[in-house]
There are 2 protein chains.
Amino acid sequence: MQKTARLSLAHERIKPYIHRTPVMTNAFINDLCGAEVFFKAENFQKIGAFKARGGLNAALSLGPEEITKGICTHSSGNHAQAVAYAAKMLGIKAYIVMPKTATRVKVDAVHGYGAEVIFCEPNQKAREETVLQVQQRTGAVFIHPYNNLKVIEGQATCAKELIESRSDLDAIFAPVGGGGLLSGTCLSAAYFGKDINVYAGEPEEVNDAFLSLQKGEIVPATGKISIADGLMTSLGNLTFPIIREQVSGIFTVTEAEIRQSTRFIWERMKIIIEPSSAVPLAALLKTRELFKGKKVGIIITGGNVDFNHIEW
Amino acid sequence: MQKTARLSLAHERIKPYIHRTPVMTNAFINDLCGAEVFFKAENFQKIGAFKARGGLNAALSLGPEEITKGICTHSSGNHAQAVAYAAKMLGIKAYIVMPKTATRVKVDAVHGYGAEVIFCEPNQKAREETVLQVQQRTGAVFIHPYNNLKVIEGQATCAKELIESRSDLDAIFAPVGGGGLLSGTCLSAAYFGKDINVYAGEPEEVNDAFLSLQKGEIVPATGKISIADGLMTSLGNLTFPIIREQVSGIFTVTEAEIRQSTRFIWERMKIIIEPSSAVPLAALLKTRELFKGKKVGIIITGGNVDFNHIEW
């Protein structure tokens, strides 16, 4: 099948279950950047994040006989909700392996979609072993958070919509963690855009994607942490080749810069976003001299913030 | 002039300077209320609040010879920005009397529109005396925050847009402070709606509008405070008669209920709102048995939150 047709098909497949999120602008931020900035607001997406797209596309692409025993994944973040939500839409079971340190609000959200939560120790090895046990016990199909072509194609529909709304973009900025969104954004920019360059923002503290691009091979994340907690994973062998070939640059930003951009978006745009979502704006602000007068798309990835830490 | 024509004219007058803000829905909140709730999101309005409408309509209604010496007001809140913004749009001077206790972010916002800020002691008497001095010194025209027919008609355009988007509403909830928005909402519901009942939410701590309705005359606010800091003013002699005649009910809510509804909107709708904006939802939640299965509009009044108090 032609590649563009695959993405269009993915989009049609998930459309009944997702929102077409708005593209927002803000005069203050335009002034600050010296560019016209168009924010694709996936904080308003189902489950509060773009990950609904990838989870749905992967689940809906499975044959009826494959999914009778359900689907499973490991995630402490939005992909957990995405798989739980997709299973609910399909009327099948979902098994979500979560670190026992996951916040209650995230566990509650997964339970809210009717999924079974299996707790494990908070490390990558325990997650992978536990999900393997779950697969063996239940026969559920594993949906990887990003290193899965159907997930990548699902995430690609986000930039596809952005480009449909603004066909004149010069650049799109996305954050990079495991690279599912970034590689999907590259695919849509290449297939549906006219000369759109794709850039990534990454926390300086977890700059493994930046280093991977420099070295020409996957450099794993070191386990350091960032306030942008959705971006602490390593690239995968499916996402890295797309990113290496098609991304025009990865810009790293400090924790202070991420906090500042989060605040700009909350205060000026009046929308709730996760700190991970502010990383692309922080990267654009840092490199604004390169984008003077340009039209720049930014993907706001999600708005799932734990408000238990705020004094109300 | 016919009353409906006056409101339509006000709308046309201010349209070039305002956003048509979105009407938002949320599945979680619908379930919670047992009703279909439509939020008119004026947090996305120019200056971050509906008050832009009233300030603009009042300023734009003045004749060219009246405004040569500028406009003035006293306000510690969104009306200050509204008058400053209107003056900027008209290319005239604005003088804003603010209590010296006003937060820096609010003073900065007013300065940002090029207005002159005159500080006074933080009480009603000082405000009124200072604004009188400003008028005498400068010849600027005073625009009252709510007790001004042009301001009321400007605020009315908010419910007019909501009704244009959803002609099938059974009820609209607005908060009540000085009553500019509430009386304007009553006018639009009466002129443009089909059997829409208008209700107000008010903080229990500053329940002067509730008491005024009970007593049949204006009961002044006692000076008690609420987290809903936009709602601490008394009704005016122009707003009260409209409210007395046309409002179907005022429901009071506790500080805890306001906090809870603020959190619901931040967490579930992913938008930043001021606590004053959460009062109508809190009132609907408290009275939800009366609105089962109904279509209810809620005016989200603004999103100007002082983030200096949050640890980033």
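Just so you know, the Cα atoms of chain A work out to an Rg and Dmax of 18.2, 56 Å. Note: relative contact order over chain A, using C-alpha pairs below 8 Å and six or more positions apart, is 21 percent.
Computed across the stretch A:172-299, the Kirkwood hydrodynamic radius from all distinct Cα-Cα pairs reaches 14.5 Å. Here the relative contact order of the stretch A:185-289, from alpha carbon pairs under 8 Å that lie six or more residues apart, stands at 31 percent.
Hey, if we sort B:ARG268, A:ARG137 by accessible area with the 1.4 Å probe, largest down, what's the order?
These residues rank, largest area first, as A:ARG137, B:ARG268.
With a Förster radius of 56 Å applied to the beta-carbon distance between B:LEU132 and A:PHE119, the computed FRET efficiency rounds to 0.25.
Peptides A:213-225, B:221-233, ordered by how many other C-beta atoms sit within 10 Å of their residues on average, highest first, read B:221-233, A:213-225. Any chance you could list P(r) for the stretch A:52-142, counting all Cα-Cα pairs in 5 angstrom bins from zero, rounded to whole %? Bin by bin from 0 Å, the calculated values are 3, 17, 29, 25, 18, 7, 1. Net charge around A:VAL117, counting only other residues with Cβ within less than 15 Å of its Cβ (Lys, Arg = +1; Asp, Glu = -1)? Residues close to A:VAL117 contribute a combined charge of +4. When Rg and the Kirkwood radius Rh are both evaluated on Cα atoms of the stretch A:104-159, their ratio Rg/Rh stands at 1.01. For the pair the stretch B:253-280 / the stretch A:41-94, the C-alpha centres are spaced 30 Å from each other. On a per residue basis, the protein assembly as shown carries 40 Å² of accessible surface, using protein heavy atoms and a 1.4 Å probe. Charged side chains reduced to their Cβ positions (Lys and Arg at +1, Asp and Glu at -1) give the protein assembly as shown a dipole of some 940 debye around its Cα centre. Take every Cα pair under 8 Å whose residues are at least 6 apart in sequence, average their separation, divide by the length of the stretch B:52-142, and the relative contact order is 32 percent.
Taking every residue in B:302-308 and counting other chain Cβ atoms within 10 Å of its Cβ, the average works out to 3. Other residues whose C-beta falls under 12 angstrom from the C-beta of B:GLU42 contribute a net charge of +4, scoring Lys and Arg +1 and Asp and Glu -1.
Amide H to amide H distances under 5 Å link B:VAL253 with B:GLU202, B:GLU204, where only residues 5 or more positions off or on other chains count and H is placed in the peptide plane.
Ligands, DNA and RNA left out, the 1.4 Å accessible surface of the stretch A:52-142 is 52% carbon and sulfur atoms. Label positions at B:ARG263 and A:PHE307, each projected 7 Å from the Cα along the C-beta direction, are separated by 0.8 nm. Excluding ligands, DNA and RNA and using a 1.4 Å probe, chains B and A jointly bury around 1900 Å² of accessible surface, summed across both partners. Report the local net charge at B:ALA283: Lys and Arg +1, Asp and Glu -1, summed over other residues whose C-beta lies under 11 Å from its C-beta. Residues near B:ALA283 contribute -1 overall. At the listed q of 0.06, 0.09, 0.12 Å⁻¹, the Debye profile of the protein assembly as shown, built from one uniform point per Cα, gives log10 I(q)/I(0) equal to -0.35, -0.76, -1.20. Need the per-residue list for the stretch A:229-273: every residue with at least 30 Å² less accessible surface in the complex of protein chains than in the chain by itself, probe 1.4 Å, sorted by number. Residues passing the criterion (a loss of at least 30 Å², heavy atoms only) are A:ARG259, A:ARG263, A:TRP266, A:GLU267, A:LYS270, A:ILE272.
The values are calculated or read from the model by the stated rules, or taken from the named source; none is laboratory data. Keep in mind it's a predicted model, so treat the numbers as computed, not measured. Methodologically, a virtual Cβ is constructed for each residue, glycine included, from the backbone with ideal geometry; neighbour enumeration extends over all protein chains shown. When the accessible area is computed, the model is the full protein with side chains, heavy atoms only, and any ligands, DNA or RNA have been set aside. Shrake-Rupley method; radii C 1.70, N 1.55, O 1.52, S 1.80 Å.
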